[in-house]
1. Just the residues that are in contact with a strand residue (DSSP E or B) (Cβ under 7 Å, 6 or more places away or on another chain) and under 23 Å from residue 25 (Cα atoms), please, taken from region 282-301.
2. Which of the following residues is without any contact (Cβ under 8 Å) to a residue 60 or more places away in the chain and either surrounded by fewer than 16 Cβ atoms within 10 Å (Cβ to Cβ) or within 30 Å of residue 65 (Cβ to Cβ) (or both): 294, 306?
3. Can you go through 71, 75 and tell me which one is touching a helix residue (DSSP H, G or I) at 6+ places or on another chain (Cβ under 7 Å) and under 20 Å from residue 315 (Cα atoms)?
4. Restrict the check to region 60-70 and report whether at least one residue is exposed (fewer than 15 other Cβ atoms within 10 Å of the Cβ), at positive phi and in contact (Cβ under 8 Å) with a residue 40 or more places away in the chain.
5. State yes or no: is residue 316 touching a residue at least 12 places away in the same chain (Cβ under 8 Å) and not assigned by TED's automatic domain parsing to the domain that holds residue 152?
6. Among (1) outside any helix (DSSP H, G or I); (2) in contact with a strand residue (DSSP E or B) (Cβ under 9 Å, 6 or more places away or on another chain), where does residue 214 come up short?
7. If residue 317 passes every condition in (1) more than 17 Å from residue 256 (Cα to Cα); (2) touching a strand residue (DSSP E or B) at 6+ places or on another chain (Cβ under 8 Å); (3) at pLDDT 95 or above but one, which one does it miss?
């Protein structure tokens, strides 16, 4: 009997990673093509399709492909499109699912990377058996995938759950966001956000820091984390401020969705206690009494190196279980 598998694809601004994944989350084959090398979406899809077909042939027809899941910036699960993704080579609205149909009769599902992460957590990770939970992705920006009553929250136009673009500090004097507004949560809580916070604290302090001579473009979240581990006061304070803002906002999110757990995923979540402890403290402080002590704040249980592809493949299994 052939093993049932799903094809997971993660389209990133630099590279696109694909994998052939079984129901247990085992990767049978994987590969990559450089997204940035393809200025035309049609040429990109032709190259990607050829790579995936070659990988399937190497498995000697011992698998049955049940569908294709795709995670992409600004992926719209209702329309099957990528819509105005600023970090991809192709501009405007890309009818990704329609374009894929020239290569396959399989079901193709596309969504944004945060939604894919949430489904991946539910199918393969720490949210197995949970019906109500939220995944917060802390990368260059802040994404969120929300599951309510066992189903991914999609919304009327496929764009629900943009917690990163809710305001933490409304007002004209606050940080500009790529979305065009000011004061969005992701301008404070993300890798780019903590860099901005770090430099603000650095400018207002005369305390020593091993990162004082590093310029903004060269600074990374990992560098701030490593400095904090060594006792760098400014780095530690930057994490404290970031966690406080995230916890404050998550208290509002809990009041709206009443989740069993909130999972933190992505680069900034790897800072472990430096992000989890201030976030948990602020969350509990600002929760309504009814919710206090009832919401778990947890790290993702998905392998961070394969999370994007696993999340994309999980879209297929989740769809099959709900149809």
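1. As a first pass, look at region 282-301 and keep what is in contact with a strand residue (DSSP E or B) (Cβ under 7 Å, 6 or more places away or on another chain): 283, 295-300.
Across region 282-301, the qualifying residues are 298, 299, 300.
2. Numbers: 306 fails: without any contact (Cβ under 8 Å) to a residue 60 or more places away in the chain.
It is 294.
3. Numbers: 75 fails: touching a helix residue (DSSP H, G or I) at 6+ places or on another chain (Cβ under 7 Å).
Just one listed residue meets the conditions, 71.
4. At the first step, the residues of region 60-70 found to be exposed (fewer than 15 other Cβ atoms within 10 Å of the Cβ) are 60-62, 64.
Checking which are at positive phi leaves us with 60-61.
Checking which are in contact (Cβ under 8 Å) with a residue 40 or more places away in the chain leaves us with 61.
Yes, because at least one residue in region 60-70 is exposed (fewer than 15 other Cβ atoms within 10 Å of the Cβ), at positive phi and in contact (Cβ under 8 Å) with a residue 40 or more places away in the chain.
5. Working: touching a residue at least 12 places away in the same chain (Cβ under 8 Å): yes; not assigned by TED's automatic domain parsing to the domain that holds residue 152: yes.
Yes; evaluated as a whole, the condition is true for this residue.
6. (2)
7. Evaluating residue 317 over (1) more than 17 Å from residue 256 (Cα to Cα); (2) touching a strand residue (DSSP E or B) at 6+ places or on another chain (Cβ under 8 Å); (3) at pLDDT 95 or above leaves (3) as the failure.
To keep it simple, each residue is scored yes or no on (1) at pLDDT 95 or above; (2) within 25 Å of residue 321 (Cα to Cα); (3) in contact with a strand residue (DSSP E or B) (Cβ under 6 Å, 6 or more places away or on another chain).
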residue	(1), (2), (3)
24	no, yes, no
27	no, yes, yes
36	no, no, no
43	yes, no, no
46	yes, no, no
67	yes, yes, yes
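The values are calculated or read from the model by the stated rules, or taken from the named source; none is laboratory data. Model, not experiment: these values are computed from the prediction. Neighbour counts run over all protein chains shown; Cβ positions are idealised from the backbone, glycine included.
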